[in-house]
Structure formats: C-alpha cells, structure tokens
Amino acid sequence: MDELGRVVIPKEIRRIMRIRQGDPLEIYTAPDGEIIFKKYSPVEDISETAAQFAEAAYKIYGCTVIVMDNDMVIACTGGAKKDTVEHKISQEVKNLIDSRQLYIWRPSENKIPVLEGKQGKYFAKTVMPIFSYGDIVGAVSVIAYDNLLYSPTEMEIKLTQTAAVFLGKQVDNYN
C-alpha cells in the first residue's frame, strides 16, 4: 500500500481475473482481517431478471438464450444451463462484445464457441452487447449445439436485440 492508501494488484492476478484498468471492484472484509477484492458485475445484480427472461424465451420461442457479463455466463435455460452458467466466456465472444454491435452468424463463417475450454459444444448464433449508460456491461446471445447449428432466424435476431435493450434498462434502474 502506498502513502495515499492505494493497493496495487499484481499484473498476473489482473490477467488471470481479467481485471482491466477502470473495471469496478467490490471490497469486502472478513472477520479474520482478510480483505477481499471481487470484480463487480452490474449484470449479476439483475441475474434473476435475466434468468426469467431467458426462461420465457425458451418456453415461447424454443431457443436457448444466454446472458453474460463481460467474463462469464450469468443466466441460461434449457439443457445448456448446467454446462454454461458461471463458466467463462471465450475470447472470441469477448471480442464480439467489445465490437459494440450486433453479431449474426452466417454459415459461410467459422463457428464462434461460446465458452472458454468447451470449444466444440455451444456456438453463438447471435451476440448483442448490453449497454448501461453507454458502457458495455455484458451481452445476450442465442446459442446452438454444434450438430443443430443453422442460420439465426429473424425472430432470434430480434429477440437478442430486445433482450439486450431490456436488460440494459434493468441495469440502469438497479444502479
């Protein structure tokens, strides 16, 4: 700690935890004197709403929707829920989120794996960033299994966009 009370988090820990300059952190104290830093995710604050939206999309449209913060899957429904929730997202999906625009997969393109380390199971059909006050706080994606991958329908595209805008408003209202 320096004379101004600032704490430096070592580069290796920042890399592993995907903490970038400007990322908000939560600070907790434990009774035994430990100080705990946790990366703050505004999308996690609305995880229940995100899960309800994903469940409704699955029941009504039959498509698997995942909601992510900038690092991991926060909500999902259907058979993919157990395999995806609380798993890190792939670098490819992070790059799509950082592009700040809607991604629509086309059969002429390479498939984009959703999860880090599970390259061959789930792929992104659509990805739309979630914005809160102009900042990217996560994304919504319609995903498919490798053997069921087909071009996204217009309904899946619109659902992805609607979910991202709706959840962005929920984050705005929560904060």
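Bear in mind that the values in this text are calculations on the coordinates, not laboratory data. Quantities reported herein were computed from a predicted structural model and do not represent experimental measurements. We place every Cβ from the backbone using ideal geometry, glycine too, and count neighbours over all the protein chains shown.
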Ratio of the Cα radius of gyration of the chain to 2.2 N^0.38 Å, where N counts its residues = 1.10
Expected sort for LEU25, LEU96 with the fewest Cβ neighbours (10 Å cutoff) up front is LEU25, LEU96
Would you mind working out the magnitude of the charge dipole of the chain relative to its Cα centre, with +1 at each Lys and Arg C-beta and -1 at each Asp and Glu C-beta, to the nearest 20 Debye?
-> 580
With a point put 7 Å past each Cα toward its Cβ, work out how far THR162 is from TYR28 in nm, to one decimal.
-> 3.6
222 nm mean residue ellipticity, helices alone, for the chain (DSSP H n ≥ 4; -39,500 (n - 2.57); rounded to 500) | -9500 deg cm²/dmol
Among MET1, ILE66, ALA50, whose Cα sits farthest toward the positive end of the charge dipole of the chain (+1 at Cβ of Lys/Arg, -1 at Cβ of Asp/Glu, about the Cα centre)?
-> ILE66
Would you mind calculating the gained length between LEU4 and MET155 on full extension (0.36 nm times residue separation, minus the Cα-Cα distance), in nm to one decimal?
-> 49.0 nm
Where does each of 106-114, 127-135 land if you order them by average Cβ count within 10 Å, highest first?
-> 127-135, 106-114
Grab the Cα-Cα distance for SER108 and ASN95, subtract it from 0.36 nm times how many residues apart they are, and report the gain in nm with one decimal.
-> 2.8 nm
In straight Cα distance, which lysines are under 21 Å from LYS125, not counting same-chain residues fewer than 8 positions off?
-> LYS59, LYS81, LYS82, LYS88, LYS94, LYS111, LYS158
Within the chain, which DSSP H helices have Cα atoms that stretch 18 Å or more along the helix axis and a mean Kyte-Doolittle hydropathy of at least 1.0?
-> none
